[in-house]
Amino acid sequence: MKKIQLTIGVTGLNNTDNPGPGIPVIRALRDSHDFELRIIGLAYENLEPGIYMKDLVDKTYQIPYPSIGEKDFIQRLEYINNKENLDIIIPNFDAELHTFMKSKEHLESIGIKTYLPTFKQFEERDKTNLPGYGEKYEIKVPFSKPVVSYADIDNLEKNFDYPVLVKGKFYDAYIAYNKEQVITHFNKISAKWGVPVIVQEFIRGTEVNMVALGDGEGNTIAAVPMRKQYITDKGKAWGGITIGDEELLKLTTKLIKETKWRGGMEIEMIKNAKGDYYLIEINPRIPAWVYLAVAAGQNIPEALVKLALGKKVPPFKSYEIGKMFIRYSYDMIGDIAQFEKLSMSGEL
Amino acid sequence: MKIRNNIAISDSGFVFDSNNGESFTLNKIGLEILQMLKNSRTEEEITQKIVKKYDVDIETFEQNYFDFVGMLRHFNLFENESF
């Protein structure tokens, strides 16, 4: 079969101890037998490791943070598109998704496809809306409250017992055992991600995660559950294993059916000692551990690209249980000339 | 008292609970007992077999067996007893 030639832009090349999904997504796409790819890295920082991984990323362009303004952000993408003729962009950061969703039609008009959730889907699963989400879709969620000021923190003890989780709107979560720790974490998180900061009931149990892909019509195209086996101090999985959790699969299928979810997603849940599942959060994009799903038999990034191209993708029927991933750190050797080129021209 | 179907027991003594990703290691006798439980052997049958095969009296074995089964229960390896 003739391979489809594609140029795909990918963000999230920060393959650090708090990894972005970019590199695993690219690795998955490179595994595809159906594509002949040119991968364009889109990087926010000069030292995102993926920029220097030349066997995976053909060329990288620096892009401005979306917070600089949509116009400048899009202008930069247009510049890149003029040079590279991008077919698809796969954004991998929560914080940039809003801009990509807003610019969907404009990007399409210049020939760039995306495969993202709708605004409604994106907004209703926002951490600050989780209680309403749980109620609407009949899924248990931990009690949570958005906090925007010290005054809100003073009122917390009426609603919570310690410990609690203090979470950023997009990233970061810390456990707090008293009010002073809540204030410390609030300051740290709000300085980085702004407000609201979310304070959430701490549910004791086992964290189980699901990577899934919805086709926007209510069908679950892919779904692979994983249990973290080794967790970093940032709460990220450094090792994990695919599990055969039927209940979690049922919950995922139900959620995707009812929300008609479009695109990749990560569902994070805690299973407590009674066997009840609590929805902790839904990340509206492919997670960094997606390559485990590929190894287990479901190449989710490949399926997402096919959906973005308007192809019909049949749902995956199975995956291998007991597949494991173990991350490692590795010192790549670069040269100051590469860093110079990227810093001065914004391209490498 | 039956071991759940999705508990994989390897001949090496490695046990994998595919429902939650937990794994355990067993010594030779632990493995023998777990395999007998998986094959729906009764406590009496298991006791007879072990006491006959190894140098142990019934009382000591039953005490250890009770502890072992308690541990299996704690890790939710039995059918209909999990959560």
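Taking 0.36 nm per residue of sequence separation and removing the Cα-Cα distance, the A:Lys120/A:Ile333 pair yields an extension gain of 72.3 nm. With the cut-off at under 20 Å, measuring from each backbone N in the stretch A:326-341 to a point 7 Å along the Cα-to-Cβ line of A:Lys54 picks out A:330-341.
Applying 1/(1 + (r/R0)^6) with R0 = 35 Å to the Cβ-Cβ distance of A:Asn85 and A:Glu268 gives a FRET efficiency near 0.45. Here the dipole of chain B is about 280 debye; that uses its Cα centre as origin and unit charges on the Cβ of Lys and Arg (positive) and Asp and Glu (negative).
Extension gain for A:Ala191 to A:Asp154 (0.36 nm times residue separation, less C-alpha to C-alpha distance): 11.4 nm. What a 1.4 Å probe finds exposed on the stretch B:7-74 is 51% carbon and sulfur by accessible area, rounded to a whole percent.
Of the accessible area of the stretch A:204-326, computed with a 1.4 Å probe over protein heavy atoms only, carbon and sulfur atoms account for 49 percent. Given an 8 Å cut-off on Cα distances and at least 6 residues of separation, report the relative contact order of chain A as a percent. Dividing the mean separation by the residue count of chain A yields 18 percent.
Around the Cα centre of chain A, unit charges on the Cβ atoms of Lys, Arg, Asp and Glu (plus for the first two, minus for the last two) sum to a dipole of about 640 debye. Taking the alpha-carbon distance from A:Lys254 and a cut-off under 18 Å, which aspartates and glutamates remain once sequence neighbours fewer than 8 residues away in the same chain are dropped? Correct list for A:Lys254: A:Glu124, A:Glu135, A:Glu138, A:Asp215, A:Glu217, A:Asp245, A:Glu246, A:Glu266, A:Glu268, A:Asp276, A:Glu281. Buried surface for the A/B pair, taken as the accessible area of each chain alone minus that of the pair with a 1.4 Å probe, is close to 800 Å² in total.
Of the trypsin sites (Lys or Arg not before Pro) in the stretch A:208-297, the ones in a loop by DSSP (not H, G, I, E or B) with at most 14 other beta carbons within 10 Å are A:Lys234, A:Lys274.
Candidates B:Phe24, B:Ser12, B:Asn80 compared by Cα position along the dipole of chain B: farthest toward the positive end lies B:Ser12, with charges placed on Cβ.
Taking the Cβ-Cβ separation of A:Phe143 and A:Asp72 as r and a Förster radius of 56 Å, what is the calculated FRET efficiency to the nearest 0.05? Efficiency at R0 = 56 Å is approximately 0.90. Largest accessible area first, the residues B:Thr42, A:Thr252 order themselves as B:Thr42, A:Thr252 under a 1.4 Å probe with ligands, DNA and RNA left out.
The convex hull of the Cα atoms of the stretch B:7-74, projected and averaged over all directions, covers 4.6 nm². Taking the charge dipole of the protein assembly as shown about its Cα centre, with +1 at Lys and Arg Cβ atoms and -1 at Asp and Glu Cβ atoms, the residue from A:Ala176, B:Thr42, A:Thr60 reaching farthest to the positive side is A:Thr60. Counting 0.36 nm for each residue step from B:Asp67 to B:Asn27 and taking away their Cα separation leaves a gain of 12.9 nm. Ligands, DNA and RNA are left out, and with a 1.4 angstrom probe the accessible area of the stretch A:204-326 is 39 Å² per residue. A protection proxy built from the mean count of other Cβ atoms within 10 Å ranks the segments A:184-190, A:128-134, A:23-29, most packed first, as A:23-29, A:184-190, A:128-134.
Across the protein assembly as shown, the volume of the C-alpha convex hull divided among the residues equals 180 Å³ per residue. Working ranking of peptides A:200-210, A:160-170 by packing, defined as the average number of other Cβ atoms within 10 Å per residue, highest first, is A:160-170, A:200-210. Net charge dipole, the stretch A:204-326: roughly 160 debye, given to the nearest 20, about the Cα centre with Cβ charges of +1 for Lys and Arg and -1 for Asp and Glu.
For B:Asn80 and A:Asp161, a Förster radius of 41 Å and the Cβ-Cβ distance give a FRET efficiency of 0.80, rounded to the nearest 0.05. Working from Cα positions, state the angle (0 to 90°, nearest 10) between the long axis of helix A:246-259 and the longest principal axis of chain A. So the inclination is approximately 70 degrees. In terms of distances greater than 32 angstrom between alpha carbons, the cross-link table entries A:Lys102/A:Lys312; A:Lys192/A:Lys274; A:Lys83/A:Lys192; A:Lys2/A:Lys54; A:Lys136/A:Lys323 yield A:Lys192/A:Lys274; A:Lys83/A:Lys192; A:Lys136/A:Lys323. Over all directions, the projected convex hull of the C-alpha atoms in the stretch A:183-336 averages 12.5 nm² in area.
The values are calculated or read from the model by the stated rules, or taken from the named source; none is laboratory data. Keep in mind that this is a model prediction, so the values were computed, not measured. Positions of Cβ are backbone-derived with ideal geometry, glycine not excepted, and every protein chain shown enters the neighbour counts. Note: areas computed on protein heavy atoms with side chains; ligands, DNA, RNA excluded. Shrake-Rupley method; radii C 1.70, N 1.55, O 1.52, S 1.80 Å.
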